[in-house]
1. Relative to the longest principal axis of the chain, what angle (0 to 90°, nearest 10) does the C-alpha long axis of helix 8-19 take?
2. Treating the beta-carbon of each Lys and Arg as +1 and of each Asp and Glu as -1, no other charges, what is the dipole magnitude of the chain about its Cα centre, to the nearest 20 debye?
3. Taking every pair of Cα atoms in the chain, average 1/r, invert it to obtain the Kirkwood radius, and report Rg/Rh to two decimals.
4. On a 0 to 90° scale, report how tilted helix 115-135 is relative to the longest principal axis of the chain, with both axes built from alpha carbons and the result rounded to the nearest 10.
5. Alpha carbon centre of the range 23-46 versus the range 59-86: separation in Å?
6. Using the Kirkwood radius built from alpha carbon pairs, what does the Stokes-Einstein equation give as D for the range 97-138 at 37 °C and 0.692 mPa s, in µm² per second?
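Computed from the coordinates by the stated procedures, all read-outs in this text should not be read as laboratory data. Note that the structure is a prediction, hence the values are computed from the model and not measured. Cβ placement follows ideal geometry from the backbone for every residue including glycine, while neighbour counts extend to all protein chains displayed.
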Amino acid sequence: MLINASYAYTDYALALAFSRRHLDEIDIDISYDSACSFDVKAKDRFTAKHPDKLHLIQKARFSIDALHVIDHKDLCMYFYSAAYQVGSGHFHGSGTEQYWSENNQMAGQTKQMNSGNRHDKIIEHHNYWNWKKTTRTGE
């Protein structure tokens, strides 16, 4: 069986995330911008490359957030939009991406640092960003 390698890194990252958590008794919802194409052969790819995690990918439910699903085919809207999935609700997945514009500002400040200092600086930046979000939650 020929398996498309275009999702090799995504499959590996997902399998690694699966291996670091106990997920057998909980529902797995995965939001991904191209969930419609990822899901097509996911079971085949996991059977070939990550058979120990196949049971998790089989029970996972894939969705595409409200912003990104607009650019997909109509079928994607009905099969993968979180708005049409029971218990998922309407969410704007780009909210999780908003931090990257902030994080990109760190590149100029950290590119000349050695690995340890750069790592520490980026962690401090992440922690500060999370603290700001947490303190504004009730507003």
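1. 80 degrees
2. Here the chain has a charge dipole of around 360 debye.
3. Answer for the chain: 1.03.
4. Tilt relative to the chain: about 80 degrees.
5. Answer, in whole Å: 12.
6. 297 µm²/s
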